[in-house]
Amino acid sequence: MKEKTALIIFTFTVLMSASTLCRAQTAMKIACDIWPPYQMEQGGVLTGYSVELVHAVYDRMNLSKNYTITAYPWSRSLDMIERGTADALFSANYTPKREIFAVYPNEPLIETPWVLWTTTRHQIKTMRDLYKLRVGVVQTYSYTPKFWNFIKTYCTVDEVGTDEINFKKLAAGRIDVTVAELANGLFLRKRLDAKSIVPLENLSIKTTGLYIIFNKNNVPAEFVKSFSQELKQFKQTPRYQELKTRYFYQDELIQQLLPNNINKTH
């Protein structure tokens, strides 16, 4: 009787593992938000650096027809990956909290700096110059504990839903400072034609990887490992260099600011 019970348990475990693997490889639901130049819509089509990069890696894995990518608000995307109603999410920073429910590949999609942004009417050279200023942040974003503690102690914190809202408020003088990923901030600055908004390169909050992360219960660790290996190999190809150049080095200001910052890979 014990042997029969053990066989049933073993068979059930194998079937569950196979089912999970099948789901990861044949019907993966991937979530993201709209966050240019990484994720954006053009003519009703979802595109961007991270979108094209994920497509390229799945092509290399012969899984080009076995997944979907859908854009949602960031807070909803994060909730979906945590609950398992999405199998994967990009472009996400690393946090210990997210590692509770998600698996991170060893290889990031890219590494980038997050810096402070202000307008030319402010003279900000150090963090101390933020004292009593209005600082715009985005809800559910992963800033550093040190930065959070500082602005909550010494500044007025204004939380909104997107970086674009912060840039519009900054241009209108409704906040004094915001923090944003460098390439995203440069894209928004150009799109809004907000020449008075400038990045404070010397006041970097962090330099960190942007990842595609996978729900632990839905996607086997071996799949994540394979994705990471294919991503790392793809970064050595001319096609990847063309992709990176197209999204990050077409604008003169971007050319000035990004070469030493956004070219890092593991």
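Hull volume per residue, based on the alpha-carbon atoms of the stretch 112-207 and their convex hull, is 85 Å³. Here's the list of lysines a cross-link from K152 could span, going by alpha-carbon distance under 24 Å and ignoring same-chain residues fewer than 8 apart: K97, K125, K132, K168, K169, K206. Applying the Karplus relation 6.51 cos²θ - 1.76 cosθ + 1.60 with θ = phi - 60° to the stretch 134-145 yields 3J(HN,Hα) values of 8, 10, x, 10, 10, 4, 6, 6, 9, 7, 8, x Hz, where x marks Gly and Pro.
Considering the zone a paramagnetic label at S204 would reach in this model (a point 7 Å from Cα along the Cα-to-Cβ line), which residues of the stretch 104-124 have amide N under 20 Å from it? Within reach of a label on S204: 107-118, 124.
Hydrodynamic analysis of the stretch 187-238 uses the Kirkwood radius over alpha carbon pairs. Inserted into Stokes-Einstein at 10 °C and 1.306 mPa s, it gives a translational diffusion coefficient of 106 µm²/s.
Listing C32, C155 from fewest to most neighbouring C-beta atoms within 10 Å gives C155, C32.
In this simple spin-label model, placing a label point 7 Å from the Cα along the Cα-to-Cβ direction at both R128 and T156 gives a separation of 2.3 nm.
Quick one: which of K146/K232; K65/K225; K190/K235; K65/K232 span more than 24 angstrom between C-alpha atoms? Over 24 Å apart, Cα to Cα: K146/K232; K190/K235. In loop segments of the stretch 120-161 as defined by DSSP, the trypsin sites (Lys or Arg not before Pro) with at most 16 further C-beta atoms inside 10 Å of their C-beta are R121, K125, K132. Between T245 and A221, the contour length at 0.36 nm per residue exceeds the alpha carbon distance by 5.5 nm.
No value in this document is a laboratory result; all are computed from the given coordinates. These numbers come from a predicted model, not from an experiment. For neighbour counting, all protein chains shown are included, and Cβ atoms are generated from backbone atoms with ideal geometry for every residue, glycine included.
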